[in-house]
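Q: Below you'll find the structure I mean.
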Amino acid sequence: MFSLLICVTASAVEKIDRGLVAIPAGANKVYLSWRLLRDDAANTAFNVYRQPSAGGKAIKLNAQPVSQTTDFIDSTAPIDVACEYFVRGVIAGREWEASSKFIATASAKDPVIKKDPKKPAAPEAAFVSIPLLGKYKVQSVAVADLDGDGRMDFVIKQPDGNIDPYKDYWHKSTGTFKLEAYRHDGKPLWQYDLGWGIEQGIWYAPFIVHDFDGCGKAEVVVKTSEGDPRDQDGRVQTGPEYLAVLDGSTGKEICRADWPSRELFKDEGYNHASRNQLGVAYLDGKTPSIIINRGTYGHLIVEAWQFHDRKLERQWRWDNKGLPKQYQGQGSHMLQAADLNGDGRDEIIVGSCVIGADGKELWTTGLGHPDSVYVGKLNPDRKGLQIYYNIETAQKSNGMCQVDAATGKIQWGFDTPTKHVHSHGLCSDIDPDQPGWEGYGAESTNHVFVYSRLWSSTGKLLDDSLRWSFGPSAVLWDETPQRELILNSRITKYKGAVLNAVDANFLAVADVLGDWREEIIATVPGELRIYTTTIPARDRHVWLMQDPIYRNCVIRQTSGYYQCPTMSFDLATGATRNAGK
């Protein structure tokens, strides 16, 4: 049997490695964790091995096969000796071939305690370092297998910073964006310059990374231009715009097609015309489609494209011109897709409205532009999926609300008028005393914090005293199925202890390495850091990236505003789509 198991992810057979990570975790200790895969048999266990990198016999470290969790602490690791670790799956006493190896060197020291007079003291979280090609910081990062070896690689966009097209925020770009690819081991693969036709803001430069043609290697899909079409003041309002597909392992362009024209938005002005996003949807339940969105606050255009035989083919275009006013200006800052009604095909969530797999509108709340949209199994006691919204546009009620994902029917909402429920908010299971996922929103005036609300999955007000501002995030970090908060560079339990410090600029959360817990991807000048937990687990779960909603969330993290991933099931209870009343 093989450690690279075969698992079907819609369009293709995907090779997935165990994702083993080995991290020094105090004197003579190395902490290891690895993936449980969807196709693993229920009785799969694991043996853990250590071998000196300089040569010598591999030693089995566990007395009995590891079956309760997919992690292990080597408490006898030699100090200052580089060792190679690997695991072998075991069923009925028979071992599989070895996983890929991970090198770690145990230290005689305990983790450094980070002290700051303005922050709680905490041990610095362990991380894997990816050196960058220069002393810049990263704006966004994508995670995918670029070379087909079953391990997650990285595509970054640099430099850090964001120019917003709104008139009060816009300023001239001082350089050009570059995409760069790095292997899982830090080896740089390529750099791609987006050029002067793409301004240095997230709304001008969406990109996503995924295997769109089933070749076993991910492609990079990006909005591009050519030449130098800048106006005298530095704005780009003319020139070609393309949907381009790059080879993930080389960065070379494979093909391109025209992006929806800015001329279709000329009546709305530069700000509205400059809003662009990318996403992915499985419209037939089997094959990934590239989804383009232009427009947010008024006119909306959405297109679906397929990439096959090294060519792009448009499937359909949806345009809200001429539709009822309830479909006008419903766009959001994040383009997502999920199978909302259980028919096996993805629908596309364009803010407060939804488009079906056939490119026709399905429903709209008519509430207007939301600043955050979280879709998943948010309430384990209800059937189907739910969506939690924070609505930017002024509302008499429902500025924070939850709706049925299949119909758009509001299940509960804030019954007080709101003016601008701001930014990304948060929706995640952070409170072990409440079933499902809690929703957080913050009201603002002129982008200044006014108050916040934390809701249960059933609409119960849990807390109105929090000052998390507009964009807190959360991560599965300890041994519990609830996420911990990422606040002020600290990983903190809701109403609980500070667990770790993260000494870098936050980029994203995703299950990149090791077991079912998540990693925090962050950046400092010249370095990408993948922070990973060393807290022992108490149980095991399948790799989160094999959940379709979770995977979609991770893919779209490089387009629009960041939101932490959601799931199609409730991790704490195991409830799935059909659970509930």
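Q: Compute the length gained on full extension between residue 231 and residue 15: take 0.36 nm times their separation in residues and subtract their Cα-Cα distance, giving the result in nm to one decimal.
A: Working: separation 216, 0.36 × 216 = 77.76 nm, distance 4.70 nm.
Using 0.36 nm per residue and subtracting the Cα-Cα distance, I get 73.1 nm.
Q: Let me know the shape class of region 317-412, please: from the alpha-carbon gyration tensor, a ≥ b ≥ c as square roots of the eigenvalues, rounded when a/c is under 1.5, otherwise prolate if a/b is greater than b/c, or oblate.
A: Values: a/c = 1.82, a/b = 1.06, b/c = 1.72.
Oblate is the answer for region 317-412, as a/c is 1.5 or above yet b/c matches or exceeds a/b.
Q: Please list, in order along region 477-489, the HN-Hα scalar couplings obtained from phi with the Karplus expression 6.51 cos²θ - 1.76 cosθ + 1.60 (θ = phi - 60°), rounded to whole Hz, x for Gly and Pro.
A: Using θ = phi - 60°, the values come out as 10, 9, 8, 8, x, 8, 7, 9, 7, 10, 10, 6, 6 Hz.
Q: Ignoring ligands, DNA and RNA, what percent of the 1.4 Å accessible area of region 106-164 is carbon and sulfur?
A: On the way: 1510 of 2710 Å².
Roughly 56 percent of what the probe reaches on region 106-164 is carbon or sulfur.
Q: Please name which of 165, 245, 362 has its Cα lying farthest along the dipole of the chain towards the positive end, using unit charges on Cβ (Lys, Arg +1; Asp, Glu -1) and the Cα centre as origin.
A: 165
Q: Packing-wise, with mean Cβ within 10 Å as the measure, how do 23-34, 101-112, 67-78 rank, highest first?
A: On the way: 23-34: 22.0, 101-112: 15.6, 67-78: 18.6.
Most protected by this proxy first, the peptides run 23-34, 67-78, 101-112.
Q: So for region 1-146, if I pair up every lysine 8 or more residues apart or on another chain, how many of those pairs have alpha-carbons under 27 Å apart?
A: The result is 22.
Q: Something else: What is the calculated FRET efficiency for residue 446 to residue 42, with r their C-beta to C-beta distance and R₀ = 51 Å, to the nearest 0.05? Mind dumping the intermediate values first?
A: On the way: r = 55 Å, r/R0 = 1.09.
That pair, residue 446 with residue 42, gives E of 0.40.
Q: So what J values fall out for region 184-189 if you push phi through Karplus, 6.51 cos²θ - 1.76 cosθ + 1.60 with θ = phi - 60°, rounded to Hz, Gly and Pro as x?
A: 4, 8, x, 5, x, 9
Q: Within 10 Å, count the other beta carbons around each residue, average over each peptide in 361-367, 90-96, and list them highest first.
A: Values: 361-367: 19.7, 90-96: 13.3.
Most protected by this proxy first, the peptides run 361-367, 90-96.
Q: Here's another thing I want to ask about it. Please report, in cubic angstrom per residue, the volume enclosed by the convex hull of the alpha-carbon atoms of region 381-442. All intermediate terms of the calculation are to be shown ahead of the outcome.
A: Working: hull volume 5.6 nm³, N = 62.
About 91 Å³ per residue, rounded to a whole number.
Q: What residues have an amide H closer than 5 Å to that of residue 62, excluding those fewer than 5 places away on the same chain, when H is modeled at 1.01 Å from N in the peptide plane?
A: Result for residue 62 returns 48.
Q: Using θ = phi - 60° and the Karplus relation 6.51 cos²θ - 1.76 cosθ + 1.60, list the HN-Hα couplings for region 243-251 in order, rounded to whole Hz, with x at every Gly or Pro.
A: With coefficients 6.51, -1.76 and 1.60, one gets 8, 10, 10, 10, 5, x, 8, 10, x Hz.
Q: Three principal axis extents, largest first, for the C-alpha atoms of region 8-86, in Å?
A: Between the extreme Cα coordinates on each principal axis of region 8-86 lie 45, 24, 24 Å.
Q: Another question, if that's okay. What is the Å³ per residue value for the convex hull set by the Cα atoms of region 166-276?
A: On the way: hull volume 12.7 nm³, N = 111.
Convex hull volume per residue, Cα atoms: 114 Å³.
Q: Pull up all non-local amide H partners of residue 308: gap of 5 or more, or a different chain, and H-to-H distance under 5 Å with H placed in the peptide plane.
A: Excluding prolines and chain starts, which carry no amide H, the hits are 313.
Q: What are the principal axis extents of the Cα atoms in region 136-181, in Å, biggest first?
A: In descending order, the Cα extents are 46, 17, 13 Å.
Q: Scale the Cα Rg of region 361-518 by the rule-of-thumb value 2.2 N^0.38 Å and send over the ratio, two decimals.
A: On the way: Rg = 15.6 Å, N = 158, 2.2 N^0.38 = 15.1 Å.
Normalised Rg, Cα atoms only: 1.03.
Q: Please give the per residue accessible area of the chain, computed with a probe of 1.4 Å over protein heavy atoms only, in Å².
A: Details: 22070 Å² over 581 residues.
So the chain comes to 38 Å² accessible per residue, rounded to a whole number.
Q: Another question, if that's okay. For the cross-link pairs 187/493; 360/460; 286/383; 377/495; 383/493, which exceed 32 Å when the distance is taken from alpha carbon to alpha carbon?
A: Table pairs above 32 Å Cα-Cα are 187/493; 360/460.
Q: Tell me, in nm to one decimal, what length is gained between residue 109 and residue 191 on full extension, where the rule is 0.36 nm per residue of separation less the Cα-Cα distance?
A: Working: separation 82, 0.36 × 82 = 29.52 nm, distance 3.78 nm.
My answer for the length gained is 25.7 nm.
Q: If you don't mind, another one. Kindly state, as a whole number, the per residue volume in cubic angstrom of the convex hull around the alpha carbon atoms of the chain.
A: On the way: hull volume 87.4 nm³, N = 581.
Looking at the chain, the number lands at 150 Å³ per residue.
Q: At most 10 other Cβ atoms within 10 Å and a DSSP loop assignment: could you name the chymotrypsin sites (Phe, Trp or Tyr not before Pro) in region 417-502 that fit? Walk me through the intermediate numbers first.
A: On the way: sites: 437, 440, 449, 451, 455, 468, 470, 477, 494; in loops: 437, 468, 470, 477, 494.
In loop regions of region 417-502 (DSSP not H, G, I, E or B), there are no sparsely surrounded chymotrypsin sites (Phe, Trp or Tyr not before Pro).
The values are calculated or read from the model by the stated rules, or taken from the named source; none is laboratory data. Predicted model, so just to flag it, every value in this text is computed and none were measured. Positions of Cβ are backbone-derived with ideal geometry, glycine not excepted, and every protein chain shown enters the neighbour counts. To get the accessible areas, we keep the full protein, side chains included, count just its heavy atoms, and leave off ligands, DNA and RNA. Shrake-Rupley method; radii C 1.70, N 1.55, O 1.52, S 1.80 Å.
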